[in-house]
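Engineer: Below: one structure in structure tokens.
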Amino acid sequence: MHHAIARIHTNIFARKIWIKIGLLAAAFLFAYSNAISLMVKTWLSRDDYSHGFLVPLISFYFAWAERQKLRQIPVQPNIIGGIFLFLLSAAMISLGTIANVGIVQQMAIIVAVPAIVWLLLGTGYLKALALPWAYLIFMVPILDVIVERIRLPFQLITAKSSGIILKFLGIPIFQNMEYIELPGITLQVADVCSGVNYFVSIISI
């Protein structure tokens, strides 16, 4: 009898948690609709970020794979921590909208996800879901700064490799940075030939 009552209370508690998550998810979609729209446009317009459509699904799979472990973690909502992250996310959305900086708005989504987990489920769940949450970074073009810094070195590597192959084939060339000078023509190893455009896609995979 006591086990049955305890089970009923557990089911009711779990149902309340899922209702709260559903309500917060609906509010999240409404509040972050513009940022989500910008993110989807990035996925549609950039070949190097077309993998973005898969990232949330893979992140969800990571969480689902830990379902047995998650069931053993007690639900201990952290109101202060969750609200703090929500305020930080809201500030990022506001500043990004005012300054018209899409990347800041999109990063606000990444901050809002752990805010929901921390607010409703607690620190234990936040730690257990660290990998699924961290993986979401691959759907936002935040790594463009790193990619731009390594673009020229990769261009030079490509140019050097091409020059070695041409010399091996007996074709006289002179290499000057990313430029390859052949008899009567000068070729440039362009940015897209550096291979770093799909750097983020390769790492995420």
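Engineer: Scan segment 153-190 residue by residue and report those that are in a helix (DSSP H, G or I) and open to solvent by 80 Å² or more (accessible area, probe 1.4 Å).
Structural biologist: PHE154, ILE157, LYS160, ILE164, ILE165, LYS167, PHE168, listed by residue number.
Engineer: Quickly run through segment 78-112 and pick out the residues that are outside any helix (DSSP H, G or I) and either free of Cβ contacts under 8 Å to residues at least 40 places away in the same chain or open to solvent by 70 Å² or more (accessible area, probe 1.4 Å) (or both).
Structural biologist: Answer for segment 78-112, where residues must be outside any helix (DSSP H, G or I) and either free of Cβ contacts under 8 Å to residues at least 40 places away in the same chain or open to solvent by 70 Å² or more (accessible area, probe 1.4 Å) (or both): ASN100, VAL101.
Engineer: On the basis of being touching a residue at least 24 places away in the same chain (Cβ under 8 Å) and either under 19 Å from ILE203 (Cα atoms) or open to solvent by 50 Å² or more (accessible area, probe 1.4 Å) (or both), does LYS69 make the cut?
Structural biologist: Yes; evaluated as a whole, the condition is true for this residue.
Engineer: Checking ILE185 against (1) more than 22 Å from the chain's Cα centre (by Cα); (2) modelled with pLDDT under 70, which single condition isn't satisfied?
Structural biologist: (2)
Engineer: Let me ask something else. Hey, among VAL140, VAL147, which residue is modelled with pLDDT of 75 or more, out of contact with any Asp or Glu (no Cβ under 8 Å at 6 or more places or on another chain) and open to solvent by less than 60 Å² (accessible area, probe 1.4 Å)?
Structural biologist: VAL140
The values are calculated or read from the model by the stated rules, or taken from the named source; none is laboratory data. Computed from a predicted structure; not experimentally measured. FYI the Cβ positions are ideal-geometry reconstructions off the backbone, even for glycines, and counts take in every protein chain you see. Calculation scope for accessible area: heavy atoms of the full protein, side chains included, ligands and nucleic acids excluded. Shrake-Rupley method; radii C 1.70, N 1.55, O 1.52, S 1.80 Å.
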